[in-house]
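The values are calculated or read from the model by the stated rules, or taken from the named source; none is laboratory data. The structure displayed is predicted, hence computed values, not measured ones. We place every Cβ from the backbone using ideal geometry, glycine too, and count neighbours over all the protein chains shown.
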Amino acid sequence: MTPLEIASLACMIAGSLVFLAGAFGLLRLRDFYARLSGVTIAGGLAPALVFLGLFLDYPTLENAWKIALALLIQLATAAIGGNAMARAGYLAGTGTSSATLFDDLEKVGREPSTEGSENDPGEDGKA
């Protein structure tokens, strides 16, 4: 085996282990938000490692573009999806574990903000 093949295999195995850790975290973490954080982090790091391993196994310019595009799409959608799921859980009133010490959004409330909307009459009542 060449050093490039060894590096490729190491990256793919590391990516697989990160996926496994994310799955284990989904089962073992204490509440919705911790589980979501673990899965979202694994969903960003694991594909990056697997894609890097694939590139090291097949290092061509064409594959570099394909892998870069796939990684960009994966990272963007994982971050946006994780944020949307966390917001939906918070707005639905999903509880936290007893280990959670504070809620930064508690002061603002669970209702979506209407500031700056066109139909908001403001403080003086004029539209």
In the stretch 1-27, what residues are surrounded by 17 or more Cβ atoms within 10 Å (Cβ to Cβ) and not hydrophobic (A, V, I, L, M, F, W, C)? Ser8, Gly15, Gly22, Gly25
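Among the listed residues Ile41, Ile13, Ile67, identify the single one that is under 18 Å from the mean Cα position of the chain (by Cα) and assigned to a helix (DSSP H, G or I).
Ile41
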Taking the stated definitions as given, is Leu45 surrounded by fewer than 18 Cβ atoms within 10 Å (Cβ to Cβ), more than 14 Å from Ser8 (Cβ to Cβ) and out of contact with any strand residue (DSSP E or B) (no Cβ under 9 Å at 6 or more places or on another chain)? no
Can you tell me which of Arg87, Arg30 is within 17 Å of the chain's Cα centre (by Cα), of a type outside the set (A, V, I, L, M) and either in a helix (DSSP H, G or I) or surrounded by 11 or more Cβ atoms within 10 Å (Cβ to Cβ) (or both)? Arg87
Take Ala70 and tell me if it is under 25 Å from Cys11 (Cβ atoms) and at pLDDT below 90. no
Any residue in the stretch 84-104 that's under 13 Å from Ala34 (Cα atoms): show its pairings with residues that are surrounded by fewer than 12 Cβ atoms within 10 Å (Cβ to Cβ) and at pLDDT below 85 at Cβ separation under 8 Å, as long as the two are six or more apart or on different chains. Tyr90/Leu105; Tyr90/Arg110; Thr96/Asp103
Would you check if Ser98 is of a type outside the set (Asp, Glu), at pLDDT 75 or above and over 22 Å from the mean Cα position of the chain (by Cα)? yes
